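**Q** Before anything else, here's the structure in question.
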Amino acid sequence: MRWFIERSWCIEKSNVDAPTEGIEKGAAFFMRFPFNSADAPLIGKDPKVNSTDVAAPNSSDSHISFDGMRILIVDDDRNTRDMLSEILRIYEAEVKTAESVAAALRIYQSWTPTLLISDLGMPDADGYDLIRNIRALPSGFTTKAIAITGYGRNEDRDRAIAAGFNLFLSKPMDLDNLINLIDKTGRN
């Protein structure tokens, strides 16, 4: 939650409110994002979602649709997985998530994604191991892959590309940039 709130500043006209009745009484977090009425049919599919509470990262991207795209998100951080999957579902992507390389490979065997978005630094096996395993499969080169990581050095980028990723993004990610990269990469 903290990660998402700290980065919501990059979404113009967004705000966060966390009212509480006092110390040790808990708090409710309300996040508001700009809403474009062109997204209404998309958001309206879920009657529990209020259209003013959910919006795409940048309302100017409302013409982008990932309908028909299958995206696998792999990250050991649940908040990152949940945030990315919710945002990509707003763009109509079919999304599955995995918390580890082993879980991602199990999903990949039965559900070949159009696009893989994977963290590099994970316990046990890392994103480099994941992409090498995927590229070794018969269908492994049909999936485009974006590496995301807190390591943003040139050598980290070079290592990710050499391992088999198509693109590399450093955390914290600019969500508009990610959406545009998915739009360009996932369709080619």
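**Q** Please specify each residue of the range 103-130 satisfying the condition of being of a type in the set (D, E, K, R) and farther than 20 Å from residue 142 by Cβ.
**A** Within the range 103-130, 119, 124, 126 qualify.
**Q** Within the set of pairs 6 or more residues apart or between chains, which connect a residue that is farther than 14 Å from residue 168 by Cβ and at pLDDT 90 or above inside the range 120-144 to a residue that is acidic (Asp, Glu) and part of a loop (DSSP other than H, G, I, E, B) with Cβ atoms less than 9 Å apart?
**A** Close Cβ pairs (under 9 Å, with a partner that is acidic (Asp, Glu) and part of a loop (DSSP other than H, G, I, E, B)) do not exist here.
**Q** Name the residues in the range 113-150 that are in a loop (DSSP other than H, G, I, E, B) and under 17 Å from the mean Cα position of the chain (by Cα), would you?
**A** If we filter the range 113-150 for residues that are in a loop (DSSP other than H, G, I, E, B), which is where we start, we get 113-114, 120-126, 136-143, 150.
Once the filter is applied, which keeps residues that are in a loop (DSSP other than H, G, I, E, B) and under 17 Å from the mean Cα position of the chain (by Cα), the range 113-150 yields 113, 114, 120, 121, 122, 143, 150.
**Q** Determine if the range 64-81 includes at least one residue that is assigned to a helix (DSSP H, G or I) and surrounded by 17 or more Cβ atoms within 10 Å (Cβ to Cβ). Spell out how you get there, then give the answer.
**A** Looking only at the range 64-81, we keep the residues that are assigned to a helix (DSSP H, G or I), and these are 78-81.
Right, trim to surrounded by 17 or more Cβ atoms within 10 Å (Cβ to Cβ) and you get 80-81.
Scanning the range 64-81 turns up at least one residue that is assigned to a helix (DSSP H, G or I) and surrounded by 17 or more Cβ atoms within 10 Å (Cβ to Cβ).
The values are calculated or read from the model by the stated rules, or taken from the named source; none is laboratory data. Just so it is clear, the model here is predicted, and its values are computed rather than measured. Positions of Cβ are generated from backbone atoms using ideal geometry, with glycine treated the same way; all protein chains shown enter the neighbour counts.
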